[in-house]
Every structure is written in structure tokens, then in C-alpha cells.
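Please read the structure below before turning to the comments.
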Amino acid sequence: MQPTQWDLNPKFDFRDEHMVREGKKVSLAKIPTEFEGPFRGKDHGRAFAAHAIAEIQELQYRMYTEAKQSLLIVLQAPDAAGKDGLIRKVLGRMNPQGCRTYPFKVPSSLERAHDFLWRIHQATPAAGKVSIFNRSHYEDVLVVRVEDLVPRSVWKQRYEIINDFEKLLLHRGTRILKFYLHISPEEQLERFKKRLDEPTKHWKLNEGDYEARAKWDDYREAYEDVFEKCHSEDAPWHIIPADKKWYRDASVAAIVRDTFREMDPQLPPLDADLDEIRRLYERELAKQ
């Protein structure tokens, strides 16, 4: 199929399709990990993503120059679901002057000496900026809970603390998008195989990834509680089918683009005498 035949503006609401319903209990087992949406295959989805990314770049530039609003993008997923790939192919295409990715790994001794949001707050976006969290503050009600790193009485209080933290960001003018990349255990194992087979991906290998598979249901239950307790219209969770990488990229690109459209950032007004600047330019041009 030729690119000219692809509909790059399909009448399909990606946010409505993938957003968690407020007040409704989520069952990840009932949500498909493979989906094609309005697309006629991989090439169509990739063409759409490229089209959406171009608009994201323009809107992000406007937000950066406007310097009033900001955007926080939170990525959570089982290992190998594609957080790095999504950043590389879609989110990382924004201008790095106004966009930064923060990969939250195991906290350092300094970070553990503070409250669990201390390192997170320092990475939130300033006015005009975008922050992308590759894992996030939600690890403190996911890994911490499943691996029994702190008592239940501690992590159970953190849902409310996280909600208050996100309300603070919203009050400041930060829009929040939260994405869970929904991958099947079968697809995850296939991607682990590719890591084993490709030397350039050996650096990603980790014995702990296989140990976590034994707790697949425990992690799903923890995520389902997050979706129920920490979802709101202003800080929504989206569950993105991630078995098909191209659909993962296209759907996230669409949701980020539509959010930027709603934010509607404007270029700042000219704070100079345009006629005088043109006169100075023409005078310099005449000297050549």
C-alpha cells in the first residue's frame, strides 16, 4: 500500500480507547496486549506516528518559548515492554533544550535518607519544559510492595501522598500523562530471547527479570491498585497494548499530541520594535 493511501488523521480517539475509567476496577487480564486500532498494519501505524511526532515537535517548541505550562510523562511497565524504545522513537524526538528523561533506578543511600518523593520532585518539569520519567514515584507502591521492602503500613499510605503530590504539580500548571505499557508474558519472554541472541543487547540482561516473572500476578495486582487509587481526569492513566511495538509508539504519540493541542501553547508576543529592527537590518544589508 502506498503512503498516499494511508489516513494519517483517523477518526479514532486513542485517549478514550486506552484511558482507565475513573472509579472502575481494572483487570489487566481482561485487557488485550495486542491491538491495531484504526491502522492497516505496521507501515500505516509508523507513518501515523511520524506525522504525529512532527506536530509534537512544533507544539513543544511553542510551549518552550511560551514558558508558562509544562508536561510530565510517566512511563511504567514490566521489563522489556518498551519504555526505552518508546523514548528513543517517539518521546525523545522532542527538542532536548526543553525535554529531559529521568531513569529512576534503585535509590542511592542519599536518596534513601530522604522521603520517597525527594528525588522525584527535583526532576519535575519547570515552566516550558517536558520531563519523561522512565519508571517513577510509582515504584514505591509497586516494587516496594511486591518485594516486601517496607511494611504494608508504610506503602499503603503512599497512594494518598502521591495523589497530593500530583495535585501540587497540576496547581503549578503541569499537565500529567501516565502510561502503562501492557505486555504479555509470552511476548516478554520472546524479547528476553532477542537480548540473549543479540550481543548488542547483552547489557540489558538481568537475572532479576526472570525472578520477577514468578511474581507476574503480584505485580499485576499492584498495578491494578495503582490504577484504581491514583487515577483522575487531570492525571490520567492509559493502558497501552505493547505487544506490537509500532502500535505502542503510534498510540502514545497520538495521546501526547492531543494533550499538547489542548494545552494550546502560544508563541510569545514580540517585545521589540519590529519596524526599527527591519530598518537596522536593511541598513546593514545596504553596506554589503
So, first residue within 19 Å of GLY82 (Cα to Cα) in segment 21-43, second residue of a type in the set (Val, Ile, Thr), Cβ within less than 9 Å, six or more apart or across chains; the pairs are LEU28/ILE239; ILE31/ILE239; THR33/ILE183; PHE35/ILE240
Answer yes or no: is there a residue in segment 161-183 that is open to solvent by less than 80 Å² (accessible area, probe 1.4 Å), in contact with a Lys or Arg (Cβ under 8 Å, 6 or more places away or on another chain) and hydroxyl-bearing (Ser, Thr, Tyr).
-> no
When you look at PHE48, is it crowded, with 17+ Cβ neighbours inside 10 Å and in contact with a strand residue (DSSP E or B) (Cβ under 7 Å, 6 or more places away or on another chain), yes or no?
-> no
Among the residues of segment 19-40, is there at least one that is modelled with pLDDT of 95 or more, outside any helix (DSSP H, G or I), of a type in the set (D, E, K, R) and touching a Pro at 6+ places or on another chain (Cβ under 7 Å)?
-> yes
Can you name every residue in segment 205-215 that is of a type in the set (Lys, Arg) and in contact (Cβ under 8 Å) with a residue 40 or more places away in the chain?
-> LYS215
Give the residues of segment 104-158 that are in contact (Cβ under 8 Å) with a residue 24 or more places away in the chain and of a type in the set (Ser, Thr, Tyr), sorted by residue number.
-> THR124, SER131, SER136, TYR138
For segment 13-46, name all the residues that are of a type in the set (A, V, I, L, M, F, W, C) and over 14 Å from HIS238 (Cβ atoms).
-> ALA29, PHE39
Taking GLN76 as meeting all but one of (1) at pLDDT 95 or above; (2) farther than 16 Å from LYS178 by Cα, write down the number of the exception.
-> (2)
Of the residues in segment 120-170, those that are part of a loop (DSSP other than H, G, I, E, B), under 21 Å from the mean Cα position of the chain (by Cα) and at negative phi come to GLN122, ALA123, THR124, PRO125, ALA126, ALA127, LYS129, SER136, LEU142
Could you run through segment 54-92 and say how many residues are at positive phi and in a helix (DSSP H, G or I)?
-> 0
From the list ARG195, ARG191, which one is among the basic types (Lys, Arg), touching a residue at least 40 places away in the same chain (Cβ under 8 Å) and open to solvent by 20 Å² or more (accessible area, probe 1.4 Å)?
-> ARG195
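Conditions (1) of a type in the set (Lys, Arg); (2) under 17 Å from ASP264 (Cα atoms), marked per residue:
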residue	(1), (2)
SER70	no, yes
LEU91	no, no
TYR102	no, no
ARG119	yes, no
VAL130	no, yes
VAL144	no, no
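The values are calculated or read from the model by the stated rules, or taken from the named source; none is laboratory data. This structure is a prediction, so every number in the text was calculated from the model and none was measured. With ideal geometry, Cβ positions are generated from the backbone for all residues, glycine too; neighbour counts draw on all protein chains shown. Accessible surface areas use protein heavy atoms only, side chains included; no ligands, DNA or RNA. Shrake-Rupley method; radii C 1.70, N 1.55, O 1.52, S 1.80 Å.
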